[in-house]
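Right, one structure below, let's go through it.
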Amino acid sequence: HTLYTKKNAISLHILNKITTFASSYIKNIIMEIEKALNGTELTLKIVGRLDTVTAPELEACLKESLDGVANLVMDFAALDYISSAGLRVILQAQKTMNKQGDMLIKNVNETINEVFEMTGFVDILNIE
């Protein structure tokens, strides 16, 4: 009986470790988009990673949300990483907003700003 209980305790401990690891791993590969529409201004707060896996989600969000938007604000305060796939979506959003209004990217951290500088996006985007 004691041996069975110890095995259960060890199994539960291992399961908890695996769950914690999996949870932190998943958190590192996902992205969240928080939307706020105020009149014709849409603010998108991007949380996490904007990469090959998550870029289509932002692209879809933009396609369904930009109709009638005059000002698009993208808040990158919680953006940890951006890949070329993410840059492509940002560039497409900028092209769309050039036709119908303005786009502003704010709260860019040093790492993301370096990517924007190396790619020349600092000359294309309105970054605050």
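The values are calculated or read from the model by the stated rules, or taken from the named source; none is laboratory data. Computed from a prediction, not measured in an experiment: that's the story for all the values here. With ideal geometry, Cβ positions are generated from the backbone for all residues, glycine too; neighbour counts draw on all protein chains shown. Each accessible area value is taken on the protein alone, full model and side chains, heavy atoms only, with ligands, DNA and RNA left out. Shrake-Rupley method; radii C 1.70, N 1.55, O 1.52, S 1.80 Å.
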Would you mention how many residues in the stretch 49-62 are assigned to a strand (DSSP E or B) and aliphatic (A, V, I, L, M)? 1
Would a scan of the stretch 16-29 turn up a residue that is within 24 Å of S84 (Cα to Cα), surrounded by 11 or more Cβ atoms within 10 Å (Cβ to Cβ) and at pLDDT 65 or above? no
Scanning the stretch 100-128 residue by residue, the ones that are in a strand (DSSP E or B) and either basic (K, R) or open to solvent by 60 Å² or more (accessible area, probe 1.4 Å) (or both) total 2
Evaluate the following for L44: is it under 15 Å from G101 (Cα atoms) and not acidic (D, E)? no
K35 among the basic types (K, R), open to solvent by 40 Å² or more (accessible area, probe 1.4 Å), modelled with pLDDT under 90 and more than 23 Å from I124 (Cβ to Cβ): no
Could you tell me how many of the residues in the stretch 110-128 are in contact with a strand residue (DSSP E or B) (Cβ under 7 Å, 6 or more places away or on another chain) and within 19 Å of A85 (Cβ to Cβ)? 4
From the residues in the stretch 63-99 that are open to solvent by less than 10 Å² (accessible area, probe 1.4 Å) and part of a helix (DSSP H, G or I), which one is farthest from M118 (Cα to Cα)? M97
Contacts under 6 angstrom Cβ, first residue in the stretch 106-128 being under 19 Å from N71 (Cα atoms), partner assigned to a loop (DSSP other than H, G, I, E, B), 6 or more apart: K106/E128; I127/V108
Contact list, first residue from the stretch 78-103 and touching a residue at least 60 places away in the same chain (Cβ under 8 Å) and farther than 20 Å from D51 by Cα, second anywhere and open to solvent by 10 Å² or more (accessible area, probe 1.4 Å) and in a strand (DSSP E or B), beta-carbon distance below 6 Å, six or more apart or interchain, is G101/N71
